[in-house]
Amino acid sequence: MTGKAKDTNSFPHSHLLGIEGLSASEITYLLDRAETYVEQNRQADKRKTLLRGRTIINLFFEASTRTITSFELAGKRLGGDVINMAVSASSMQKGETIVDTAMTLNAMHPDVIAVRHSDSGAVKLLSEKVNCAVINGGDGKHEHPTQALLDALTIRRRKGKLAGLQVAICGDIAHSRVARSNIHLLNTMGATVRLIAPKTLIPTDIAKMGAEVFNDMNQGLQNCDIVMMLRLQTERMHKNFFPSIREYFHFFGLTYEKLANAKPDALVMHPGPMNRGVEIDSEVADDIGRSAIREQVEMGVAVRMACLEALTLNAPEQDLNA
Ligand code: NCD
């Protein structure tokens, strides 16, 4: 879901609320634009003026390291003014609702608000109350579109394509917005998705999204091109989903031994933050020959620049007297 479609632009949406509903050509457009920013971000002078005079607010109601930092860098590298709203210090602590917060911020005429919230659907609700572009920085276990885009850019740069690849997403699928956005994106782009997790961490109807489900990691990883690991998101768990961390690592932690089931050139990915020794062995995570985890972080800035660019180019001129 992406907000109201407007005209025949390459990215004709007012918001980026999810990958669901985006077409292959819209995804490709964002990835191609991001590609140009990868080069810019490697130069000494990283600054552009595209967003000069524009205001971007990062409104994060949940903890974040890489996502908020890369939205901030993305906005600044495009020449915009960026404000990070520390929610613990805001009126939310005084009981103000998300809608009131949105309307208060809206009155200050921001051009883009990037939002992260623990409730699925909260970002869409906020987008309906403001008249600027809204980017979903992760809502509950629903969607995290910029993460799926940065994952896709990383894969496309390493493998030269997305279509036809076998991608295994492994771990805590049940609580993962990263998994959901990636399933949408990979299916739209013609890749095949497998989900690998214990039965307790796989929602029963997830196969309907277009993925094959495995409860055995050695089986699920057979012949895969991409092995995407997920963190156990204990902050969203309200009961026990597995007997112990030790047992979880034994069956579902990525080790060289299990990785040997995938293709010899299979790429290891993780959105971070990683729990070393829980879902991934430290040596595998740090193996620069196999792991693209640091590259994912780099691609995050370029992808967020492309999203900010696409949404601000689509924005109508603001009537400051309104
Ligand atoms: C992910 C998230 O917040 O959903 N992290 C991120 O954005 N890099 C995954 C996670 O928290 O495990």
> Within region 288-314, restricting attention to residues that are aliphatic (A, V, I, L, M) and open to solvent by 40 Å² or more (accessible area, probe 1.4 Å), which residue is modelled with the highest pLDDT?
Replying inline: Val297
>> Every residue in region 224-261 that is surrounded by fewer than 17 Cβ atoms within 10 Å (Cβ to Cβ) and touching a Lys or Arg at 6+ places or on another chain (Cβ under 6 Å), please.
In response: none
> Mind checking which residues of region 155-200 are in a loop (DSSP other than H, G, I, E, B) and touching a Pro at 6+ places or on another chain (Cβ under 6 Å)?
Replying inline: Ala174
>> Can you find, within region 99-154, the residue that is most open to solvent (accessible area, probe 1.4 Å) among those that are among the basic types (Lys, Arg) and outside any loop (DSSP other than H, G, I, E, B)?
In response: Lys124
> Mind checking which pairs have a first residue in region 271-285 that is polar (S, T, N, Q) and a second that is within 14 Å of the ligand (Cβ to nearest atom), Cβ under 6 Å, 6 or more apart or different chains?
Replying inline: Asn275/Arg231; Ser282/Arg276
> Does Arg276 satisfy the criteria of being basic (Lys, Arg) and under 15 Å from the mean Cα position of the chain (by Cα)?
Replying inline: no
> Only one residue in Leu201, Leu186 is in contact (Cβ under 8 Å) with a residue 24 or more places away in the chain, touching a Phe, Trp or Tyr at 6+ places or on another chain (Cβ under 7 Å) and either buried (at least 20 other Cβ atoms within 10 Å of the Cβ) or among the aliphatic types (A, V, I, L, M) (or both), so which one is that?
Replying inline: Leu201
> Within the bounds of region 205-214, is there any residue that is open to solvent by 60 Å² or more (accessible area, probe 1.4 Å) and touching a Phe, Trp or Tyr at 6+ places or on another chain (Cβ under 9 Å)?
Replying inline: no
>> When you check Leu267 against the structure, is it of a type outside the set (Phe, Trp, Tyr), buried (at least 21 other Cβ atoms within 10 Å of the Cβ) and farther than 30 Å from Tyr37 by Cα, yes or no?
In response: no
> Considering only residues of region 47-72 that are aliphatic (A, V, I, L, M) and within 12 Å of the ligand (Cβ to nearest atom), which is least open to solvent (accessible area, probe 1.4 Å)?
Replying inline: Ile68
> Within region 212-267, which helices (runs of 4 or more DSSP H) (wholly inside it) include 2 or more residues that are within 16 Å of the ligand (Cβ to nearest atom) and among the hydrophobic types (A, V, I, L, M, F, W, C)?
Replying inline: 245-252
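The values are calculated or read from the model by the stated rules, or taken from the named source; none is laboratory data. On a predicted model such as this, the values are computed, not experimentally measured, just so you know. As a convention, Cβ positions derive from the backbone with ideal geometry for all residues, glycine included, and neighbour counts pool all protein chains shown. Surface accessibility is based on the protein's heavy atoms, side chains included, excluding ligands, DNA and RNA. Shrake-Rupley method; radii C 1.70, N 1.55, O 1.52, S 1.80 Å.
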